[in-house]
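Enquirer: Please see the structure below; I have some questions.
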Amino acid sequence: MADEEKKAEAEKFKGKANEAFKAHKYAVALDLYTKAIEFDDTNHVYFSNRSFTNLKLENFVPAVDDASKAIELDPSFVKGYYRRGSAYLAQQKFTEGLKDFRKVAKIKPNDPDAQKKLKLCESEIKKIRFRDAISTPDAVVVPISQTLDVTNYAVPSSYQGPKLRGEDEKLVTLEFVKEMMESFKNQKLIHTRYAFEILLQVKEILQNQPTLNEIEIPEGSHFTVCGDVHGQFYDLCNIFELNGLPSEDNPYLFNGDFVDRGSFSVEVIFTLFAFKALNPKSIHFSRGNHESRNMNKFYGFEGEVKAKFNEPMAELFTEVFCFLPLASVLNSKVFVVHGGLFSQDNVTLDDIRKIDRNREPPDEGLMCELLWSDPQGPSGRSPSKRGVGVAFGPDVTENFLQKNGLELVVRSHEVKEEGYETEHNERLVTVFSAPNYCDQMGNKGAFIRFEHDMVPHFTKFSAVPHPNVRPMQYANNLMNMMM
């Protein structure tokens, strides 16, 4: 094929990719931009567009690589620096990101938008560095749960919202939870006193649970596993409409990433935690990569808690999240984890049980990989597209299952167009429960229902309407700039 014909074919694929991108079909767009590049790898726009698509898919490492290639092909191409800077910031590589935004401002010195973004970037990074500089990671920090006095938050007689029961106003009842959910639907909050009480009760429950939960599903019973909810409260309510409220006879496991991105994360987490306080056997949790201080600072949860309640409550959430279990085993057959498997062979369930989970997630090691890793098609392992964790193939999944006498891995952590996807020779399932993720992905949500035989049964569902509050409403300014 002549060069001109190749370029014409490349343009056709680019046009199709642009249409897919506009329709929020980012995985389709990614494949189409790749086809365009296969026909013409000299066009910087193709690489830039694929970089932006990778950003939307949270594939930050290839987003950097594609933007760098676009810059290599055209060093004056502003979008290349902007895409790469955004991908660096998403990985919290602030020095590298700031260099690219300074380059944008240098190339376009008279562009007010470029100058505004540079100033915002510099200001936010200065705040982050100042916060890090005054923190004392090696100091002995007294947990806020030990110093918090909830009696300082008196409930006034004028309060008309849901109330905890009992003489000391600490008892969570089903009536309270239902009233609270109705208040949340009407964009009303519970009193701060009650919010603290729920958090403190859940902390006591979680800290007495093991790092690896082992859950039995008796014959004649069932069990539901949900993936990421990401602050989409009205979609969470829809799950309960479809599948029933959590109870001892209708138990759930929510597999991490309850908060961030969606702007009703407070409503989501208090609903889930209230059911835990009501009956610990009715609902179980895995920790996700977003149940961490750094992610909450950038992706909205910390800002939302401070806006709706106060800073001490944000601190208490950080403490409580550190007690969330890292994984579960259902009926000694199904391993459930938020992210995935490991960069090393022969990891056992005992190795997971021994992890000290009461901390912020590290950047490497078993705990990190449980929260961050993703499956890949080819056998073996590869560096993660996210820049954290590892990409693992079907042989890694098979070896882990055989080593530990298991049959299936269930994980979440990734948007799937139909809400779930089975891969690795049907030995691994990804389930994602936030439909139309961030109001733009167009995906279905799903949940899995198991019975005693542990055969997964999938239910797909679409997004439901929610009040006019945009995703990332409370996120760090840098994240909103990139969005």
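The values are calculated or read from the model by the stated rules, or taken from the named source; none is laboratory data. What you see is a predicted model; the values in this text were computed from it and never measured. Heads up, the Cβs are rebuilt from the backbone with ideal geometry, glycines too, and the neighbour counts pull from every protein chain shown. Note: areas computed on protein heavy atoms with side chains; ligands, DNA, RNA excluded. Shrake-Rupley method; radii C 1.70, N 1.55, O 1.52, S 1.80 Å.
Enquirer: Say a paramagnetic label sat at a point 7 Å from the Cα of GLU5, along Cα to Cβ; which residues of region 31-46 have their backbone N under 15 Å from it?
Expert: 39-40
Enquirer: Exceeding 30 Å between C-alpha atoms, which entries from my cross-link table qualify? They are LYS12/LYS460; LYS188/LYS281; LYS12/LYS297; LYS14/LYS126; LYS12/LYS416; LYS126/LYS276.
Expert: LYS12/LYS460; LYS12/LYS297; LYS14/LYS126; LYS126/LYS276
Enquirer: How many nm separate the modelled label positions at ASP350 and ASP168, each set 7 Å beyond the Cα in the direction of the Cβ?
Expert: For ASP350 paired with ASP168, the spin-label model returns 4.1 nm.
Enquirer: Now for a separate question. Ranking request for peptides 296-302, 150-156: highest mean number of other beta-carbon atoms within 10 Å first, then the rest in descending order.
Expert: Packing proxy ranking, top to bottom: 296-302, 150-156.
Enquirer: Assuming R0 = 45 Å, what is the FRET efficiency of LYS99 and ASN186, from their Cβ-Cβ distance, to the nearest 0.05?
Expert: Rounded to the nearest 0.05, the efficiency is 0.45.
Enquirer: P(r) for region 337-483: what percent of alpha-carbon pairs falls in each 5 Å bin, starting at zero?
Expert: It works out to 2, 9, 15, 18, 19, 17, 11, 7, 3, 0, in whole percents.
Enquirer: Still on this model: In what order, largest first, do THR224, THR348 sit by accessible area if the probe radius is 1.4 Å?
Expert: Of THR224, THR348, the descending order of accessible area is THR348, THR224.
Enquirer: Sequence-distant or interchain residues sharing an amide H contact under 5 Å with SER247, placed H: which?
Expert: Correct list: TYR252.
Enquirer: Distance between Cα centroids, region 164-180 to region 220-291: provide it in whole Å.
Expert: Distance between centres, Cα-based: 19 Å.
Enquirer: Any idea how far the Cα center of region 321-361 sits from the one of region 23-52, in Å?
Expert: 36 Å
Enquirer: Show the residues, 5+ positions off or on another chain, whose built amide H is closer than 5 Å to the amide H of ALA391.
Expert: Counting only residues 5 or more places away or on other chains, the set is ASP374, SER382, SER384.
Enquirer: Another question, then. So what are the three principal axis dimensions of the chain from its Cα atoms, in whole Å, longest to shortest?
Expert: Rounded to whole Å, the extents work out to 80, 52, 45 Å.
Enquirer: Here's another thing I want to ask about it. Looking at region 393-466, what % of its DSSP beta bridges pair antiparallel, to the nearest 5?
Expert: Expressed as a percentage, antiparallel bridges in region 393-466 total about 75.
Enquirer: Which order do HIS457, HIS24, HIS230 take when ranked by solvent-accessible area (1.4 Å probe, heavy atoms of all protein chains), largest first?
Expert: Heavy-atom accessible area, descending, gives HIS457, HIS24, HIS230.
Enquirer: Also: Could you tell me what percent of the DSSP beta bridges with both partners in region 194-328 are antiparallel, to the nearest 5?
Expert: Looking only at bridges with both residues in region 194-328, the antiparallel portion is about 10 percent.
Enquirer: Sort region 57-98 into rounded, prolate or oblate with this rule: let a ≥ b ≥ c be the square roots of the eigenvalues of the Cα gyration tensor; rounded if a/c is under 1.5, and if a/c is not under 1.5, prolate when a/b is larger than b/c, oblate otherwise.
Expert: oblate
Enquirer: As an exercise, use a Förster radius of 35 Å and the Cβ-Cβ distance of GLN146 and SER332 to find the FRET efficiency, rounded to the nearest 0.05.
Expert: Efficiency, rounded to the nearest 0.05: 0.40.
Enquirer: Ok, one more. With both bridge residues required to lie in the chain, what share of the DSSP beta bridges run antiparallel, to the nearest 5%?
Expert: 55 percent
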